[in-house]
Amino acid sequence: MRNALFAHVKRVVVKIGSRVISTDEGLDEARLAAIAADVCGLLNRGLEVVVVSSGAVAAGKGQLGISGRPQTIPQKQAAAAIGQTRIIREYKETFQSHNYNVAQVLLTRDDLSNRRRYLNARNTMMTLFEYGVTPIVNENDTVVVEEIRFGDNDNLSALVTSLVEADMLIILSDVDGFYDSNPAENPQAQLIPIVERVTPKIEEMGRSSVGTLGTGGMVTKLKAAKKASLTGVGTLIVNGRSPKILSRIFSGEDVGTYFLPAQSKLTAKKHWIAFSKKPRGKLLIDAGGQQALIKRGKSLLPSGICGVEGGFERGDAVRICDLHGNEFARGVVSYSLAETLQIMGKQSNEIETTLGYKYRDEVVCRDDLVLTIEGEEEDE
């Protein structure tokens with residue numbers, strides 16, 4: 001069955017967790033080299049691969065005398081500055097021994113929130129593919145601050161999957177896959193081989209504590225799988241400590257948990273609006289406006305807006321919420337906060353009279369709007 005599911009895969013994103021290639025003491029160079037060699041095996045099969053690799057902080061913290069996880073952003077940045085060079089050197093040396101080359105790509109959320117920079121990053125990746133070079137991606141921890149963090153590399157890997165239009169996301173974890181309960185606490189926990197959809201029940205099953213090396217647990221991997229599915233991409237969670245796990249996957253071995261892609265997927269632009277572009281404020285919508293957006297697929301007109309929160313400019317993303325502040329959609333606004341305050345509650349034919357000009361009839365055009373319903377698309 002897995003052979004049939006993966007037969008279409010030509011481009012894959014492989015996310016490698018910190019706990020897969022690190023120990024409490026630091027980077028496990030032998031395991032990283034083994035996984036890198038396994039990735040080269042996929043290249044030998046004719047696949048294109050993007051590696052999203054954690055581990056820079058773990059690789060560098062020892063040289064700073066830090067035990068456990070760094071507690072401050074400056075400590076994390078310093079450790080990452082040291083560790084990232086070790087990480088990329090290990091990948092470079094292993095890939096070159098197999099006659100392949102790698103390129104380092106460091107990203108912040110701002111790089112993917114800004115549409116122009118998003119497209120520039122995409123063009124860079126595509127050019128690397130053309131030259132047969134494998135991108136090694138990580139969050140740019142040396143410059144990142146809290147408000148522009150991706151949150152974790154599971155989230156980053158899902159965004160990169162959309163960015164490069166990959167066919168599959170593989171998350172290498174320190175567990176064999178997704179279980180019906182926590183296997184560390186319940187020896188009778190059962191591995192679930194296939195998940196059709198990441199429902200609230202599935203997410204509740206995946207609640208777990210944060211480890212000392214990684215920044216997430218199973219819950220962040222479920223969110224990543226959910227995001228990837230909305231681009232029509234399946235996600236496989238497997239144990240990255242298992243020898244030659246990537247080669248075994250593409251040899252048809254039934255390993256890990258596969259999350260099926262959604263049948264109805266978002267366009268690349270709408271996926272970017274929902275997940276990559278950071279929202280700057282809220283628009284509060286009355287019940288009639290909410291129904292028009294959800295049930296009838298309409299644009300958001302000024303007449304449906306009852307209130308605003310936060311600050312935003314024209315072209316920013318905003319959360320679209322009911323009167324209680326519960327998010328049900330996101331969109332890119334055609335008017336700034338100051339302009340929206342003047343025209344909200346009015347008819348579209350009153351915009352020009354009120355402002356003295358008009359960009360368009362809609363505050364959020366349907367083409368720039370995506371329903372989120374559960375409001376869980378943002379990793380805070």
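Values for this structure:
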item	result
Cross-link partners of residue 76 among aspartates and glutamates (Cα-Cα below 17 Å; sequence separation of 8 or more within a chain)	24, 25, 139, 141, 146, 147, 152
FRET E, pair residue 323, residue 296, Förster distance 30 Å, beta-carbon r, rounded to 0.05	0.95
Helix axis angle, 115-130 relative to the chain longest principal axis, alpha carbon, degrees	30 degrees
Angle in degrees between helix 73-97 and the longest Cα principal axis of the chain, rounded to the nearest 10	60 degrees
Region 2-270: relative contact order in percent, alpha carbon pairs under 8 Å with at least 6 residues between	23 percent
Environment charge at residue 49 (Cβ cut-off 13 Å; Lys +1, Arg +1, Asp -1, Glu -1)	+1
Under the Karplus curve 6.51 cos²θ - 1.76 cosθ + 1.60, θ = phi - 60°, whole-Hz ³J(HN,Hα) for region 162-172, x wherever Gly or Pro sits	5, 4, 9, 6, 6, 9, 6, 10, 10, 9, 8
³J(HN,Hα) computed for each position of region 59-64 - Karplus, 6.51 cos²θ - 1.76 cosθ + 1.60, integer Hz, glycine/proline x	6, x, 5, x, 5, 9
Sequence-distant residues sharing a close amide H with residue 104 (under 5 Å, placed H)	136
Cut-off under 5 Å, modelled amide H: who pairs with residue 280 long-range	317, 318, 319
Sorted peptide list for 75-84, 189-198, criterion being average Cβ within 10 angstrom, highest first	75-84, 189-198
Percent of C-alpha pairs per 5 Å bin, region 279-371, short to long	3, 16, 31, 28, 18, 5, 1
Residue-averaged [θ]222 nm for the chain, counting only DSSP H segments that reach four residues, each worth -39500 (n - 2.57)	-10000 deg cm²/dmol
D_trans [Stokes-Einstein, Kirkwood Rh over alpha-carbon pairs] for region 1-103, 10 °C, 1.306 mPa s, µm² s⁻¹	108 µm²/s
Order by protection proxy (mean Cβ within 10 Å, highest first), peptides 54-66, 269-281	54-66, 269-281
Debye equation applied to the C-alpha atoms of region 191-322, log10 I(q)/I(0) at 0.20, 0.21 Å⁻¹	-1.24, -1.29
Cross-link pairs beyond the 18 Å C-alpha cut-off, checked among 221/278; 278/358; 15/223; 227/269	221/278; 278/358
Cα-based Rg and Dmax for the chain, where Dmax is the largest Cα-Cα distance (Å)	22.1, 69
Helix axis angle, 29-44 relative to the chain longest principal axis, alpha carbon, degrees	70 degrees
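Any read-out appearing in this document is the output of simple, stated calculations on the displayed coordinates, not a laboratory observation. Note that the structure is a prediction, hence the values are computed from the model and not measured. Counting neighbours? That spans all protein chains shown, and the Cβs are built from the backbone with ideal geometry, glycine included.
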